[in-house]
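Notes to accompany the following structure.
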Amino acid sequence: MSAPGAVADGAAPVLDPLDWGLAERVARRVAGREPLSSSYLGESLRDDFLSVTAQAERLVAERTGLDAPTAARAQVVDRASWVSANVRSMQRLLEPLTARVGQRMAGSPVAPLGRRIAGTETGVLLGYLAQRVLGQYDLLVVDDEGSADAVYYVGGNILALEKRYAFRPRDFRLWIAIHECTHRAQFTAVSWMKPYYLSLVSETLASIDPDPRRLVQALARAAEELRNGRNPLDDGGLVALLATDEQRGALARVQALMSLLEGHGNSVMNRIGCEHVSGQARMARVLHSRRQARGLAAVLHKVVGLESKMRQYEIGESFIETVEREAGPRAIDAAWRGPEWLPTLDELSDPHSWLARVA
């Protein structure tokens, strides 16, 4: 990525519209530090997660038939390291978009202020998430070795929940590992899943027009939604609000895919947990309550689209539950045949129509 203010071949300077360094500093400050991560309790995390991740992979493969071609690498990090990894990921992912925005900002007297505002807002959001995330498998997050295949565990957050709710550490860690290893199996054992997902992300970003007039049009749509009695932030937050009709089609495919994968991940985690994790039912209740944000947190979730992310768990789980009840525990395997076999957003709410289509 070009440095802020860099000039190429006599062209106008291209300014990155977001101060990534500021974003990382703000995120680290908001995230804070979990004291337990540096205590004697934290010393057990690395070896424990190496062990439970290997066990989780075996259990997931037996349950789902999705056998990852390589062994997962467990990586225990603190909040600051999680922030750094995700800032690098966002910067790399958004580079095509920020370059286009930067070209439009070149020479603008308010550009420096805009960069700082965008960096601060991004930092606050990442810092807030860093306080809550337990585990993460994300194709877009690259570790220090340049690989996007690590399974991350935020040690301090896990230790804090274990202490607060008196969870048995080994069981809770295995339960978290099952969920993340299920996601890894979805992307590594299904050969077409990774390129398909990345193509959807690229399609969405490539079609975004940074023209300020888009904001005016988006606000007009929001006003129309309000007149019709709907909250314009209900379906994906500001991201969906600013999208064109074409972009909303791509977003719908992303939302449908993520609902399926999140629901499948939760279903597998809970089904395996019932058999192999002591106290799984109480763990599930606690994590469900953590997703039910209230007050200012609820507003934040709705504005940035996190609320839609949380609904993905519920919609996807309900879909998986109905499919398995009506057609058996491996009926969902039809979805792994190819992109055209995936359920649409409408079919997620009507599992029987998907079953009829893929029968």
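Coordinate-derived values only; no laboratory data. No experiment lies behind these values; they were computed from the predicted model shown. Backbone-built Cβ (ideal geometry, glycine too); neighbour counts: all protein chains shown.
Quick one: what are the phi-derived ³J(HN,Hα) couplings along region 134-140, Karplus 6.51/-1.76/1.60 with θ = phi - 60°, whole Hz, x for glycine and proline?
Here the 3J(HN,Hα) series is 9, x, 7, 10, 9, 4, 8 Hz.
For Thr344 and Val286, compute 0.36 nm times the residue count separating them, minus their Cα-Cα distance, and round to one decimal in nm.
Numbers: separation 58, 0.36 × 58 = 20.88 nm, distance 3.00 nm.
Length gained, Thr344 through Val286: 17.9 nm.
Using 0.36 nm per residue of separation minus the Cα-Cα distance, give me the extension gain between Arg330 and Ala166 in nm, one decimal.
Length gained between Arg330 and Ala166: 55.6 nm.
Beta carbons within 10 angstrom, averaged per residue: use that to sort the peptides 342-348, 257-263, 63-69, highest first.
Highest to lowest by the protection proxy: 257-263, 342-348, 63-69.
At 0.36 nm per residue, minus the direct Cα-Cα distance, what do Val254 and Arg92 gain on full extension? Give it in nm, one decimal, please.
Result: 56.4 nm gained on full extension.
Could you list which residues have their amide H under 5 Å from that of Ala150, counting only those 5 or more apart in sequence or on another chain, with H placed in the peptide plane?
Asp143
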